[in-house]
Amino acid sequence: MSPSPKAMIGVKDPLDWIRPADGDCEGAVFLTYTFDARFFEEELLATLLPIRSDPQDQFASFTHEGRRGLQKTPVVVMADAGHFRGRRRLPYDLLLADRTQTFHPKLGLVLFRDHARLWIGSGNLTEGGYGGNAELFAFLHLDYSDDDALLHATFDFLRSCGLRGEPWAKFQDVASHLCPERGEGPADPALLVGGQ
């Protein structure tokens, strides 16, 4: 197992950290309390897939590129049912959490061919949450073999949230090929979950 990542606190645009250096995004899952569909599609999805067309001036091309990218890349979002804003225009999977309790985790997990990126923080999937507000995120660059325990703990947590549907099944399939379970001890750092 690799040593714990070094802690660093700094100011950075989360979208710059998420942006693929090279290679395609193989799958992504996001959990959020407040969800803004316009921001998610025009900023975050456009960064990940990537979508090159302008969403305002070239909307037809933007939509076509987004649909094409989502045919090969499973993307799943789960948000609190009472805090959804906007209208979904692209076919990613949007799940609304059970209305009987507040759904408050904010997490992103993106799979690439040779590594995964995990972030947990205070920012919602909104423009403010990813740049307009003062927010705090922990960003981890994870290796599939060295960090498999933490990745599998994250997969277990995502399953416990009630994710379901075909894109989620496709995401799990991609994850199982990229990160086969080896079962070597506890995750370091640990993923602590409260309120379940």
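The values are calculated or read from the model by the stated rules, or taken from the named source; none is laboratory data. It should be emphasised that the depicted structure is a prediction, and the values quoted were computed from it without experimental measurement. Neighbour counts are summed over all protein chains in view; Cβ atoms, including those assigned to glycine, are modelled from backbone coordinates with ideal geometry. Note: areas computed on protein heavy atoms with side chains; ligands, DNA, RNA excluded. Shrake-Rupley method; radii C 1.70, N 1.55, O 1.52, S 1.80 Å.
The table that follows gives values for the structure above.
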{"quantity": "Estimated inter-spin distance, ASP54 and GLU127, nm [label 7 Å along Cα→Cβ]", "calculated": "1.6"}
{"quantity": "Theoretical FRET efficiency, 1/(1+(r/R0)^6), r = Cβ-Cβ of SER145 and VAL174, R0 22 Å, to 0.05", "calculated": "0.85"}
{"quantity": "Candidate aspartates and glutamates - alpha carbon under 14 Å from LYS72, same-chain residues fewer than 8 apart omitted", "calculated": "ASP24, GLU26, ASP93, GLU166, ASP173"}
{"quantity": "Inter-site label distance for LEU96 and SER61 at 7 Å from Cα along Cβ, in nm", "calculated": "3.5"}
{"quantity": "Magnitude of the charge dipole, the chain, Cβ model with Lys/Arg +1 and Asp/Glu -1, debye to 20", "calculated": "560"}
{"quantity": "Under-5 Å amide H pairs with LEU95, H placed in peptide plane, nonlocal only", "calculated": "VAL77, MET78, ALA79"}
{"quantity": "Carbon plus sulfur fraction of accessible area for the chain, probe 1.4 Å, in percent", "calculated": "49"}
{"quantity": "Projected-area mean, the chain, by convex hull of Cα positions, square nanometres", "calculated": "11.0"}
{"quantity": "Between 0 and 90°, nearest 10: helix 166-178 axis offset from the chain longest Cα axis", "calculated": "40"}
{"quantity": "Rule-of-thumb Rg ratio for the range 65-168 [Cα; 2.2 N^0.38 Å; N residues]", "calculated": "1.13"}
{"quantity": "Computed lengthening from GLU135 to ASP156, 0.36 nm per intervening residue step minus Cα-Cα distance", "calculated": "5.0 nm"}
{"quantity": "Per residue accessible area of the chain, 1.4 Å probe, in Å²", "calculated": "53"}
